[in-house]
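Some notes on the structure that comes next.
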Amino acid sequence: MKLNSKGQVTIPAELRHRHGLVEGDEVDVIGGSGVLRIVRNHELTRGQRAVPHVRGILGPGRSTDEVMALTRGE
């Protein structure tokens, strides 16, 4: 596939058919670890769609308890 001047790619027909994608379907492009994934919107919760955007902003090595304490202002 080639990326066109508008940043668009065409998903090959075989892949569209295999995964049941049809014109008008809404998809998200999710990036991480050098990989882009195309995912139907309805298959992800709002939280799952948000994770790639917030991953790593608190820095490495914090436990869940430490993060919760920060969010509570403790």
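The values are calculated or read from the model by the stated rules, or taken from the named source; none is laboratory data. These numbers were taken from a predicted model, which means no experiment stands behind them. Here the Cβ is made from the backbone with ideal geometry for all residues, glycine too, and neighbour counts use every protein chain on show. Side chains included, ligands, DNA and RNA excluded: accessible areas come from the protein's heavy atoms. Shrake-Rupley method; radii C 1.70, N 1.55, O 1.52, S 1.80 Å.
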Worksheet item: Mind checking which residues of the range 58-70 are β-branched (Val, Ile, Thr) and open to solvent by less than 100 Å² (accessible area, probe 1.4 Å)?
Response: Val67
Fill in: Evaluation of Glu43 against (1) open to solvent by 80 Å² or more (accessible area, probe 1.4 Å); (2) modelled with pLDDT of 80 or more (one fails), failing number
(2)
Discussion item. Please verify whether Val22 is open to solvent by 80 Å² or more (accessible area, probe 1.4 Å) and in contact with a Leu (Cβ under 6 Å, 6 or more places away or on another chain), treating the condition exactly as stated.
Written reply: no
Worksheet item: In this structure, does Ala50 turn out to be of a type in the set (A, V, I, L, M) and modelled with pLDDT of 85 or more?
Response: no
Discussion item. Just the residues that are charged (D, E, K, R) and under 30 Å from Ala69 (Cα atoms), please, taken from the range 1-59.
Written reply: Arg46, Arg49, Arg55
